[in-house]
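One structure is given below, encoded as structure tokens.
The values are calculated or read from the model by the stated rules, or taken from the named source; none is laboratory data. Keep in mind that this is a model prediction, so the values were computed, not measured. Here the Cβ positions follow ideal geometry from the backbone for every residue, glycine too, while neighbour counts run over all protein chains shown.
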Amino acid sequence: MSALEEKAKESSDNNGGFAILFFIIGLAASLIFGWVVFPKLLYSQKKQPFDFSHALHNGLVDNGCQSCHFFREDGSYAGVPKLAQCVDCHEDVQGETEDEAVFVNEYVKPGREVPWLVYSRQPDCVFFSHAAHVKSGGMDCKTCHGPIGESESLKPYEENRITGYSRDIWGKNIAGFKSHTWDRMKMDDCSECHVKNGVRQNSVQTEKGACFVCHK
């Protein structure tokens with residue numbers, strides 16, 4: 001092989017090496033952007049109207065979560081507590097915290113409902129029955145909502161800039177990996193639980209394809 005041919009071969013090998021290097025760098029940059037940067041850009045953080053301690057209030061009630069998040073007489077779920085449930089204890093400012101003063105002065109005295117940002121709000125096309133899951137299925141709150149009853153403050157509300165829904169629906173991990181049942185609330189998670197527990201709808205096994213079960 002002539003010196004010219006050797007030089008050409010060496011140049012070709014170097015170009016191939018550079019191409020592989022650039023590919024690896026590009027792939028790494030794409031993964032970092034897609035898995036780290038993009039989720040941060042996709043979600044905006046919003047604060048709740050004021051802070052709230054579930055742990056403090058849980059220590060003052062007898063029936064746990066259902067003292068405030070209860071089922072009505074007709075079986076429907078009350079959801080987020082209304083102002084009327086809080087007025088008896090908070091007609092006047094209790095303690096010296098700024099959040100308590102905000103609650104009483106800006107919401108209780110004017111009779112204005114608190115515009116809570118609901119972490120677990122599902123898309124409008126999804127039908128979900130708390131009665132079916134809690135009363136019929138015997139599930140506890142922690143299965144879907146985690147140990148929120150032990151929290152001493154509210155976490156920031158992360159809202160998807162495109163859909164307007166909470167990040168708690170998709171989950172923190174964009175790839176869908178989870179460690180707990182409450183890490184996310186997507187359709188696959190519901191289907192997984194239904195199949196695992198042998199849930200049936202009209203005597204038919206509730207598989208992932210049974211759209212009518214949740215989408216009315």
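Could you please let me know if residue 51 is surrounded by 15 or more Cβ atoms within 10 Å (Cβ to Cβ) and part of a loop (DSSP other than H, G, I, E, B)? Spelling it out, residue 51 is indeed surrounded by 15 or more Cβ atoms within 10 Å (Cβ to Cβ) and part of a loop (DSSP other than H, G, I, E, B).
Every residue, every condition in (1) among the hydroxyl-bearing types (Ser, Thr, Tyr); (2) part of a loop (DSSP other than H, G, I, E, B); (3) in contact with a Cys (Cβ under 8 Å, 6 or more places away or on another chain), yes or no:
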| site | (1), (2), (3) |
| --- | --- |
| 30 | yes, no, no |
| 37 | no, no, no |
| 40 | no, no, no |
| 66 | no, no, no |
| 75 | no, yes, no |
| 93 | no, yes, no |
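Taking the criterion of being surrounded by 14 or more Cβ atoms within 10 Å (Cβ to Cβ) and either at pLDDT 95 or above or within 29 Å of residue 61 (Cβ to Cβ) (or both), the residues of the range 168-184 that qualify are 168, 169, 181, 182, 183, 184.
Here's the yes/no breakdown for (1) surrounded by 10 or more Cβ atoms within 10 Å (Cβ to Cβ); (2) at pLDDT below 80; (3) within 30 Å of residue 157 (Cβ to Cβ):
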residue: 3; (1), (2), (3): no, yes, no
residue: 7; (1), (2), (3): yes, yes, no
residue: 11; (1), (2), (3): yes, yes, no
residue: 17; (1), (2), (3): yes, yes, no
residue: 21; (1), (2), (3): yes, no, no
residue: 27; (1), (2), (3): yes, no, no
residue: 30; (1), (2), (3): yes, no, yes
residue: 35; (1), (2), (3): yes, yes, yes
residue: 39; (1), (2), (3): yes, no, yes
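Residue 134 fulfils the conditions (1) touching an Asp or Glu at 6+ places or on another chain (Cβ under 9 Å); (2) under 23 Å from residue 152 (Cβ atoms); (3) hydrophobic (A, V, I, L, M, F, W, C) except for a single criterion, (2).
Among the numbered conditions (1) more than 16 Å from residue 152 (Cα to Cα); (2) touching a Ser or Thr at 6+ places or on another chain (Cβ under 9 Å), tell me where residue 88 comes up short. Here residue 88 meets the rest and fails (2).
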